[in-house]
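The values are calculated or read from the model by the stated rules, or taken from the named source; none is laboratory data. Predicted model only: the values in this text are computed from it and were never measured. Positions of Cβ are generated from backbone atoms using ideal geometry, with glycine treated the same way; all protein chains shown enter the neighbour counts.
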Amino acid sequence: MIFDSIIIGAGIAGASVAQALAPHQRVLILEREAFPGYHTTGRSNAFWHATYGGPAVAPLTLASRATLETPPAALSDHGFLKARGALTLARADQDGALLAMEAAYTGNEIAFERVGREALEGMIPGLKPGWDHALVEPECFDIDVAGYHAACLGSARRQGAQLVTRAEPLAISRDNGLWTIETRQGRYSGAVLVNAAGAWADPVAEQAGARPIGIQPYRRTIAQLDLTTPIPPDMPFVIDVAGQFYFRPEGPTKLWLSPHDETPSPPCDAAPEELDIAIAIDRLSHVTDWGVRRVERSWAGLRSFAPDRKPVFGFDPACEGLFWCAGQGGFGIQTAPAAAALCASLILGDRRLCPAGVKAEDYAPSRTR
Ligand SMILES: Cc1cc2nc3c(=O)[nH]c(=O)nc-3n(C[C@H](O)[C@H](O)[C@H](O)COP(=O)(O)OP(=O)(O)OC[C@H]3O[C@@H](n4cnc5c(N)ncnc54)[C@H](O)[C@@H]3O)c2cc1C
C-alpha cells in the first residue's frame with residue numbers, strides 16, 4: 001500500500017497528528033521503540049498551564065483546552081483534564097518580574113489574580129518568610145497524558161491508521177514524488193513524511209536529505225518525594241518566577257519536584273542525575289519547611305527547542321514532501337490537539353481545520369532558514 005502520510009515517531013506529536021489525519025488519509029506511524037510514548041511523552045509533568053512556554057505558545061495551549069476537556073466522540077467519551085490552579089511565586093524583590101509576566105499576556109484571555117502573603121499562607125502551608133507575592137492562574141489542569149496519548153492512537157487505528165513499532169528508518173529516499181523508507185519491519189512508501197521524532201527531529205530530517213533546523217534537546221528532571229509533612233492534595237502547581245523550581249502534590253505526602261533544569265543533551269534515553277535531585281531538594285528547603293522522608297522515584301526527559309523556542313509546524317521550504325512537527329519544548333502535551341489540527345490543515349491544504357486564534361505563519365519552518 002502507498003500511504004498518504006508516513007509519520008516518524010509515536011509520541012504525543014505523532015499520535016495526535018495521526019489522529020487528525022486518519023479520517024482523511026492513509027496514515028502510517030513508524031516508531032523506533034517497542035512501545036509508543038517511551039521517550040519525552042511518558043516523562044512529563046502532565047500539566048496544562050496557560051502561560052507555560054510564553055506568549056507565542058499560549059494560542060496553541062488555549063486552542064487545545066476544549067479538545068482535552070470535552071473530546072469529540074471519535075476520540076474519547078471522557079475528558080483528560082482535572083482542575084488544579086497554578087501559582088507563580090516571587091520574593092519581595094521579584095515583584096517586577098511578576099508585573100512583566102502579567103503585562104506579557106494582556107489581551108490573551110488568561111485569567112490572573114494577584115495574591116499576597118496572607119493568601120499564600122492559606123494555599124501553601126509551611127511557606128517560608130520572604131515569599132510574599134504570586135500570580136495565580138485559577139484555570140489550569142492536571143492532564144491524563146497516558147489516557148490522551150492512548151486515545152489518539154486508538155482513534156487513529158479505528159480510522160485506518162497503522163502503527164509499526166521497532167521500525168526505525170534505516171534509509172529514506174525520495175523518487176517521483178514518493179518517499180521510500182527501509183526498516184527492519186519492511187519497506188514503506190508515502191507522499192508526505194511527517195517528522196515527529198522529538199529529540200531526534202534534526203537527525204531524521206538529515207536522513208531525509210533536509211537541512212537541520214537546530215532543534216536542541218535539554219534534559220529536565222522530576223523527583224517524587226515522600227514528605228514527613230502532609231500537604232493539601234488540592235494545592236496549586238507552584239513555579240517560581242525566576243525558573244528555579246516547580247512542584248505539585250501527587251498525594252497527601254507525595255510531591256513532584258523539579259529543579260527546572262535545562263541541561264543540553266544529545267538525543268538519548270535521558271536519565272536523572274543525583275546532583276539535579278539534590279539541587280531541587282535544596283531549593284525546596286528555601287521555600288517551605290516540609291521534611292523529606294525519601295526520594296521515591298525520579299526520571300528525566302528531553303525537552304527539544306528550535307533556536308527561537310517556538311514549535312516548528314509546516315513543510316520544509318527546500319525539501320519536497322518533508323513536514324516538520326517538532327520543537328514542542330515543555331508544552332507538547334498541552335498544545336497537542338491544536339498543533340495536530342494545524343498540521344492536518346497544512347498537510348491537507350484545508351484552512352478550515354486550522355484552530356481559531358492560531359496563525360500558521362508563526363510556526364512555519366521557513367522562519368528558521
Ligand atoms: C520533565 C518534563 C516535564 C514536562 N512537563 C510537561 C507538561 O507538564 N505539560 C506539557 O504540555 N508538556 C510537558 N513536557 C513536554 C512534553 O512532554 C513534550 O513536549 C512532548 O512529550 C513531546 O512529544 P513528542 O512526541 O514530540 O516527543 P517524544 O515523546 O519523545 O516522541 C518522539 C518519538 O519519536 C521516536 N523516534 C525518534 N527517532 C525515531 C526514528 N529515527 N525512527 C522512528 N521513531 C523515532 C521516539 O522513539 C519517540 O517515541 C515535559 C517534558 C519533560 C521532559
Problem set entry | strands (runs of 3 or more DSSP E) contained in the range 268-337 and holding at least 1 residues touching a Lys or Arg at 6+ places or on another chain (Cβ under 6 Å) | 292-305
Problem set entry | Leading residue by the ranking (modelled with the lowest pLDDT) among those in the range 67-95 that are in a helix (DSSP H, G or I), surrounded by 11 or more Cβ atoms within 10 Å (Cβ to Cβ) and not aliphatic (A, V, I, L, M) | Asp95
Exercise. If you scan the range 207-226, which residues turn out to be farther than 19 Å from Ile347 by Cα and within 11 Å of the ligand (Cβ to nearest atom)?
Worked result: Gln207, Ile215, Pro217, Tyr218, Arg219, Arg220, Thr221, Ile222, Ala223
For this session: Being surrounded by 19 or more Cβ atoms within 10 Å (Cβ to Cβ) and over 30 Å from Pro129 (Cβ atoms) narrows it down to one of Ala270, Ala280, so name that one.
Result: Ala270
Seminar exercise, completed: Exactly one of Ala56, Ala50, Ala63 is within 16 Å of the ligand (Cβ to nearest atom), crowded, with 20+ Cβ neighbours inside 10 Å, under 21 Å from the mean Cα position of the chain (by Cα) and not in a helix (DSSP H, G or I), and that one is Ala50
For this session: Go through Asp202, Asp175 for me and flag whichever is more than 29 Å from Pro264 (Cα to Cα) and not aromatic (Phe, Trp, Tyr).
Result: Asp175
Problem set entry | Residue count for the range 1-34, restricted to those that are closer than 17 Å to Glu182 by Cα, modelled with pLDDT of 95 or more and of a type in the set (A, V, I, L, M) | 8
Exercise. Tell me, which strands (runs of 3 or more DSSP E) wholly within the range 112-194 include 1 or more residues that are in contact with a Pro (Cβ under 8 Å, 6 or more places away or on another chain)?
Worked result: 113-115, 131-137, 162-164, 178-183
Problem set entry | From Ile172, Ile124, Ile110, Ile143, residue being over 20 Å from Leu21 (Cα atoms), at pLDDT below 95 and surrounded by 13 or more Cβ atoms within 10 Å (Cβ to Cβ) | Ile110
Exercise. Going by the structure shown, is Ala134 surrounded by fewer than 17 Cβ atoms within 10 Å (Cβ to Cβ) and farther than 25 Å from Ala22 by Cβ?
Worked result: no
For this session: Return yes when Pro212 is out of contact with any Ser or Thr (no Cβ under 8 Å at 6 or more places or on another chain) and without any contact (Cβ under 8 Å) to a residue 40 or more places away in the chain and no when it is not.
Result: yes
Seminar exercise, completed: Checking Arg248, Arg294 in turn, the sole residue that is surrounded by 14 or more Cβ atoms within 10 Å (Cβ to Cβ), charged (D, E, K, R) and either away from the ligand (no atom under 16 Å from the Cβ) or under 22 Å from Tyr52 (Cβ atoms) (or both) turns out to be Arg248
Exercise. If only one of Ala161, Ala171 is touching a residue at least 60 places away in the same chain (Cβ under 8 Å) and aliphatic (A, V, I, L, M), which one is it?
Worked result: Ala161
